[in-house]
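The values are calculated or read from the model by the stated rules, or taken from the named source; none is laboratory data. Keep in mind the model is a prediction, meaning the values are calculated, not measured. Don't worry about glycine lacking a Cβ; one is built from the backbone with ideal geometry, like all the others, and counts go over all protein chains shown. Note: accessible area is taken over every heavy atom of the protein model, side chains too, but ligands, DNA and RNA are not part of it. Shrake-Rupley method; radii C 1.70, N 1.55, O 1.52, S 1.80 Å.
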Amino acid sequence: MAFDIEMIKGVYARMGERISAARQAVGRPLTLAEKILYGHLFEGKPTKPYERGKDYVDFAPDRVAMQDATAQMALLQFMQAGRAQVAVPSTVHCDHLIQAKVGAEKDLAVAKDINKEVYDFLASVSDKYGIGFWKAGAGIIHQVVLENYAFPGGMMIGTDSHTPNAGGLGMIAIGVGGADACDVMAGLAWELKMPKLIGVKLTGKLSGWVSAKDVILWVAGQLTVKGGTGYIVEYFGDGAESMSATGKATICNMGAEIGATTSVFAYDEKMKAYLESTSRADVAAEADKVKDNLRSDAEVYYDPAKFYDQLLELNLSELEPYVNGPYTPDLAWPISKFAQAVKENNYPQKLEVGLIGSCTNSSYEDMTRAASVAKQAATKKLKAKAEFTVTPGSELVRYTAERDGLLGIFESIGGVVMANACGPCIGQWARHIDDPNRANSIITSFNRNFAKRNDGLSATRSFVASPEIVTAMVIAGDLTFNPLKDKLINEDGQEVMLDEPVGLEAPSKGYAVEDAGYQAPAEDGSKVQVLVDPKSDRLQLLDPFAPWEGVDLKGLKLLIKAKGKCTTDHISMAGPWLKYRGHLDNISNNMLIGALNYYNEATNKVKSQLDGSYDEVPKVQRAYKAAGIGSIVVGDENYGEGSSREHAAMEPRFLGVRVILVKSFARIHETNLKKQGMLALTFANPADYDKIQEDDSIDILGLTTFAPGVPLTIVLNHKDGSKDEIKANHTYNEQQIEWFKAGAALNIIRQSVAQ
């Protein structure tokens, strides 16, 4: 029986009435996304329409999921909320802190040893507050959620940007910061601006070398890394229904790379089959009873342009494989043009490493399709010419794949099977390279390929493709190889071609596992004690942030003017810094060390206005804090794109940064800043970015009358005595302004629980 089946039955029981009320309130047929959104209003039954892209709405998600790197801070915050138990079903998944070095068994043993303190904390705090705990080695959060918790028509939030993976099972699943998770676990509403909608109509059918991964690689090329910001992407059409549930999940997962709030598919026979194959026939049976509520109204499918803010159409039968990159996941190359792009852009043609797996492409179907390509290397007397790593998504997939001989096939061509964890996808990878400064190329089936993302090396050109294309390129060892048309020379000197990959959506013998890695919480957590050593280097209890002083902010010093792309990886790097995710003071030493300083084109080197010297960003900011001086960070477009990590908001707040002023924000990061009591502002005129000077002292005026929709005034006091006065916009509503005044949203939660 599925987890939380009674909760799921409850969602379905009230769904029909709420959708009918929403249809009446909106005055037209509804899309699937609207049905789920209006069906999860915190107020209950809908009574009015909400304007997309404008109105803030309070929602009541059905569940919360947290991965270990973000769960630490989320649960440290939750401990301050004063509740005895979480208000909704919640889980913790230990997947981020395992470094991929030599192989699954040894890497997992090392991780359990060096992370014991963190794992013990997460296990005990989960035990105390009624949270399901998935041990290290159980699998990657999104694959485990898809196998156990996701259900059609549900709503969940997760403290990871790839939470939308659950959209593959028809769920509205949204990545958030830990403060948002804390709200929902505390029983409060979760606020989100009503998303706009992008419809993607899929016709035709995938075949040959083309996979579901190529759909989202194509979409990323169409919409860019910020084209989905503020939107839910809804896929529909005969092409959508022809794809497996895990293929759908891949598309939804990587939708995070276009900035989408989430992505979703309608309930269909493929989803039913996946639910049944993963021991959730009871969920499928309940979904079947309300299946009309788990897809858009017929009128939407008949004339989609009337119901979506944007509409894309793609014929899967005409799609070809894509390779995206380097440095950004939206630089999309159809494979027929990729070899030319490699040569024209002087990308290193030799492929050094191919990596498959991660939360995006680690299903059983992915494994079988890639293995079918790898098997040919032996039968056709080919040897892999690049390093090859394989990361199963969960213990369920790994155990089944090993039973069915798939892992042995990968190992037969030199592949190394890593632990069921995020590993190289998030920089937890011990890269083997002779010269870290040498330009080199790798290719992955992951979702992100920002500079330094996978191996910490700026010289690495990282590309993204499907697992089967990655496997083929590993065999060739050549980035220009196109398996659809190119031949390879085997050991006998003969020319051979690789056949098209074949795969199974589900194992013919069914899934199997000995220990999935789940640990249920104590029935009575009141006696469970959560211990955090005051001397710990990795865990630190939190102190509340101070409330706003009640006056305009004057005399702020410019800390850094970031140039170009500034993701959450630039603001708060992962990799070796993951070990400090539960210690705010220690991890703050990585604040903005990856951001490019506009004035000297250098990273982690900014000018201190205290003495005119240049030093590391955190050191300069700590000096400002010690002197009681606030500061401001200025950024470019789509500031804070990428991971949902709230540390990128908490670190500046903790070190005394008061304002983040940018051309535009990525959605999750803007919300995270607001939750922590920061001022997140955008230039009313983006050209004013150029007016910011290195030695500026900056005033923020208008805070005493801070109100929704009213711009603030910023005075730039230049070193030569001149001034510039500019306007800054914001998206704060009344509630978010109260967060700012209180010093953080958590301060208000604590007050409300105490009353």
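Worth pointing out:
- Scope segment 462-485; condition more than 21 Å from the chain's Cα centre (by Cα), outside any loop (DSSP other than H, G, I, E, B) and not β-branched (V, I, T); matching residues: E468, A472, M473, A476, D478
- Scanning segment 48-72 for residues that are of a type in the set (G, A, S) and surrounded by fewer than 19 Cβ atoms within 10 Å (Cβ to Cβ) returns G53, A60.
- Qualifying residue in segment 363-371 (condition: more than 22 Å from M254 (Cα to Cα) and surrounded by fewer than 21 Cβ atoms within 10 Å (Cβ to Cβ)): no
- Which numbered condition R667 misses (of (1) out of contact with any helix residue (DSSP H, G or I) (no Cβ under 7 Å at 6 or more places or on another chain); (2) closer than 22 Å to L75 by Cβ; (3) of a type in the set (D, E, K, R); (4) surrounded by 24 or more Cβ atoms within 10 Å (Cβ to Cβ)): (2)
- When segment 231-256 is limited to residues that are of a type in the set (D, E, K, R) and either open to solvent by less than 10 Å² (accessible area, probe 1.4 Å) or in a strand (DSSP E or B) (or both), the one that is farthest from S277 (Cα to Cα) turns out to be E234.
- Residue match in segment 495-502 (condition: under 23 Å from R398 (Cβ atoms) and in a loop (DSSP other than H, G, I, E, B)): yes
- Candidates Y274, Y327, Y322: the one that is surrounded by 21 or more Cβ atoms within 10 Å (Cβ to Cβ), within 26 Å of T163 (Cβ to Cβ) and in contact with a Phe, Trp or Tyr (Cβ under 9 Å, 6 or more places away or on another chain) is Y322.
- Count of segment 204-223 residues which are within 11 Å of Y322 (Cα to Cα), touching an Asp or Glu at 6+ places or on another chain (Cβ under 7 Å), open to solvent by 10 Å² or more (accessible area, probe 1.4 Å) and not β-branched (V, I, T): 3
- If you go through segment 481-501 and keep only what is surrounded by 20 or more Cβ atoms within 10 Å (Cβ to Cβ) and among the hydrophobic types (A, V, I, L, M, F, W, C), you end up with F481, L488, L498.
- Scan of segment 703-732 for residues that are in contact with a strand residue (DSSP E or B) (Cβ under 7 Å, 6 or more places away or on another chain), surrounded by 17 or more Cβ atoms within 10 Å (Cβ to Cβ) and part of a loop (DSSP other than H, G, I, E, B), ordered by number: H730
- Residue match in segment 549-565 (condition: at pLDDT 90 or above, farther than 26 Å from T328 by Cα, part of a loop (DSSP other than H, G, I, E, B) and open to solvent by 70 Å² or more (accessible area, probe 1.4 Å)): yes
- Selection over segment 437-452 of residues that are part of a loop (DSSP other than H, G, I, E, B) and either out of contact with any Gly (no Cβ under 9 Å at 6 or more places or on another chain) or among the β-branched types (V, I, T) (or both) gives a count of 4.
- The set of residues from segment 733-751 being touching a helix residue (DSSP H, G or I) at 6+ places or on another chain (Cβ under 7 Å) and assigned to a helix (DSSP H, G or I) comprises Q736, E738, W739, A742, A745, L746, I748, I749.
- Between A512, A516, A546, the distinction of being in contact (Cβ under 8 Å) with a residue 40 or more places away in the chain, touching an Asp or Glu at 6+ places or on another chain (Cβ under 9 Å) and either hydrophobic (A, V, I, L, M, F, W, C) or assigned to a strand (DSSP E or B) (or both) belongs to A516 only.
- Of the criteria (1) among the aliphatic types (A, V, I, L, M); (2) open to solvent by 10 Å² or more (accessible area, probe 1.4 Å); (3) more than 30 Å from D478 (Cβ to Cβ), which one V264 fails: (2)
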